[in-house]
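Step one of this worksheet: look at the structure below.
Please treat every number below as a calculation from the coordinates, not as lab data. Given the structure is predicted, the values throughout are model-derived calculations rather than measurements. For neighbour counting, all protein chains shown are included, and Cβ atoms are generated from backbone atoms with ideal geometry for every residue, glycine included.
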């Protein structure tokens, strides 16, 4: 049944891709229609299935029915022009395979093959089950983030959490963008394992993102080579952390620390040849067995190659662990293709603007940062490409997004007591160690803009961004200034126009639109944790990647410019290449990152299965706040309060709940039952079951031990037990 269901879902995805790819009347190429159709079908189909599941529950019938309804809807929308749609597919295929595009087809095919291989390999190692039955994460960031995604997905699939309540904070609506995890829940419902259900869509969308960046670069006039380089930058781009491996190789060879610094080399030029030769001799061994992460990811500050590294290799900081951004970023690239092509099409292309509005309207359910980013980008692009269709995009976005936005705006935005009110103002983002962060207001916003101007005038700001992202920020600044100067009359304007002409005009326009995102993210922080602004800056980085890649490929033809192009590419790619070599699945564990990381032991898996089979799906559990709690992660159950770090970063208003949970876990050490507050709190929070763990909760929020004897002495029935965990039924008075 599961194999047949999954096969049916795959066939419906193919049908939806063909139907959705036929909808835009604009002149899209064959490969663009395929990518647009696949992403639109995935995102819109997930939303349709969710609406159907709200009415009839989550089951095989509603999952396949939602996909079928999506396909039928796409076919119905395009039925009136079916002949033209078929002609568009046929003509696109003929054009793609024509002799004049043979090189393009070969290059695009090579990118597709390499990206499919790479992402299949990486995502196959995100979650695996070893021979002992332990559930392991292949990467530390996946271990940290996918526990939450497993919790949300299984709350739908195993606990039928509809309408969705927050599984990490009982009694609260689920305000986290949950549609990606709901999509994985539909695959679990069809019979896929949770690991496959999370990894497979991620791998497919990662391949789509890579190809979409390439075809976007071609659409903008930058060319296939620039698109491939831009995609590589988006995946592994970073800063100057790679310089740390040179110092490590120098020290490894036996030179003193003073000799291995740039200042030491300059001060002692006579020893430079020996130091360089020794460093190069030991460098290959250090590359094969790297002692630390040269992008600074999950590395203590004192071990980072450069001070205050905040920009980590995107592949391991975003694309693998943060599933929502895969859905959001792929949707954003499709939106860009649709609106840019429609705005310049001979025909009006209003249906493409409407389709872009539907995707934008779904973003509060998928990835709220994408909505913020694309609102900024589309506003700037509307200035360059004036078209009435932008009003259609705005109207459709408002209609689709408004219900969810009302819920989000009306919900809590952090707690002043907890120090996590958002949005806040932080000029220059994180270039200062501990900047003040006033709440967003007109006064603080004006002050933040002034603070950013002051930051831009300081060398520390530029040092921070060059260290973290190489040439990206300086190049963006030069392009922006040159473009502004090109609008002037006279010799200065003419010189600026010649300088900026090295870039296709459309690349400059799109780059400027994404620079606006950079400016906003350098003034306003949109979540409790300021590092989370990287979810906005990831989109600016796409614009920067297109500019860098275009310049590198255009300069490559002359030797002196080629040397400069190589240097520019090195500043953004070399750190990521080192990290990729360190974390590849075939790298021996002793030379890699210390993985695999156990998400759930065999005992945890068995315990979760027993709990899922013997407790109500909507039961509330008292837990100790571990991020990889098996009852939440595998059984999909709801906690009074889950992992504090996630909840804090989402801006949860905790109230007295942390103290109340601590009181319940501690028990009543010396109080009679009649005076014990635990029983009243259990009723207050509607707790049905208590998970008591005898291990120290180093990863949890609670700093006290559970009184195991007290819990064992209360006569609560034992529902399940593992090597460390006992689950009690506390529903009885």
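The distance between label points at residue 7 and residue 684 comes to 5.6 nm (points 7 Å beyond Cα on the Cα→Cβ vector). Of the two radii for segment 200-275, the radius of gyration is 1.31 times the Kirkwood radius, both from the alpha carbons; that is the Rg over Rh value. The modelled label-to-label distance between residue 456 and residue 267, using points 7 Å beyond Cα along the C-beta direction, is 3.7 nm.
Given a Förster distance of 30 Å, report the FRET efficiency between residue 110 and residue 344 from their Cβ-Cβ distance, rounded to the nearest 0.05.
On the way: r = 29 Å, r/R0 = 0.96.
For residue 110 and residue 344, the calculated efficiency is 0.55.
For segment 490-610, what does the alpha-carbon gyration tensor say about shape, rounded, prolate or oblate, given a ≥ b ≥ c as the root eigenvalues, a/c under 1.5 as rounded, and a/b over b/c as prolate? Spell out each step's value before the answer.
Working: a/c = 3.97, a/b = 1.83, b/c = 2.17.
Oblate, since a/c reaches 1.5 and b/c is not below a/b.
The packing ranking of peptides 348-356, 522-530, 80-88, highest mean first, is 348-356, 522-530, 80-88, where packing means the average number of other beta carbon atoms within 10 angstrom of each residue.
For the chain, pairs of C-alpha atoms spaced more than 42 angstrom apart make up 32 percent of the total. Normalised by the number of residues in segment 241-294, the average gap of Cα pairs under 8 Å and 6 or more apart makes the relative contact order 50 percent.
Considering only beta bridges that DSSP places wholly inside segment 599-729, some 65 percent are antiparallel.
Dividing the Cα radius of gyration of segment 104-154 by its Kirkwood radius returns 1.18 for Rg/Rh.
Measuring r between the beta carbons of residue 83 and residue 721 and using R0 = 56 Å, the FRET efficiency lands at 0.25. The peptide list 653-664, 568-579, put in order of mean Cβ contacts within 10 Å with the highest first, becomes 568-579, 653-664. Determine which residues of segment 634-669 fall in the zone a paramagnetic label at residue 732 would reach in this model, i.e. backbone nitrogen under 15 Å from the point 7 Å along Cα→Cβ. Counting only backbone N, you get no residues.
A simple spin-label model places the labels of residue 671 and residue 131 5.2 nm from each other, with each point 7 Å out along Cα-to-Cβ. Averaged over residues, the count of other Cβ atoms within 10 Å places the peptides 116-126, 437-447, 670-680 in the sequence 116-126, 437-447, 670-680, highest first. Relative contact order of segment 123-214: 26 percent, from C-alpha pairs under 8 Å at least 6 residues apart in sequence. Think of it as helices only: each DSSP H run of n ≥ 4 in the chain is worth -39500 (n - 2.57), and spread over all residues that comes to -20000 deg cm²/dmol at 222 nm. Length gained on full extension, residue 383 to residue 477: 31.8 nm, using 0.36 nm per residue less the C-alpha separation.
Binning all Cα-Cα separations of segment 1-97 at 5 Å, short to long from zero, yields these whole-percent fractions: 2, 15, 22, 21, 16, 11, 7, 4, 1, 0.
A straight chain from residue 97 to residue 302 at 0.36 nm per residue would run longer than the Cα-Cα distance by 68.4 nm. Short-range pairs are left out: with C-alpha atoms under 8 Å and at least six residues apart, the relative contact order of the chain is 17 percent. Sort out for me the Cα centre separation of segment 517-565 from segment 628-679, rounded to whole Å. Taking the Cα centre of each part, segment 517-565 and segment 628-679 sit 42 Å apart.
The calculated FRET efficiency for residue 256 paired with residue 708, based on their beta-carbon distance and R0 = 56 Å, is about 0.55.
Only alpha carbons enter this Debye calculation for segment 599-729, each as an equal point scatterer, and the log10 of I(q)/I(0) it gives at q = 0.10, 0.17, 0.23 Å⁻¹ is -0.29, -0.89, -1.65. The C-alpha radius of gyration of segment 241-294, expressed as a fraction of 2.2 N^0.38 Å, stands at 1.06. Averaging the Cα positions of each part gives two centres, and for segment 49-108 and segment 148-186 these lie 28 Å apart. Treating each Cα of segment 468-530 as one equal point scatterer and applying the Debye formula with no solvent, the log10 of I(q)/I(0) at q = 0.27 Å⁻¹ comes out as -1.16.
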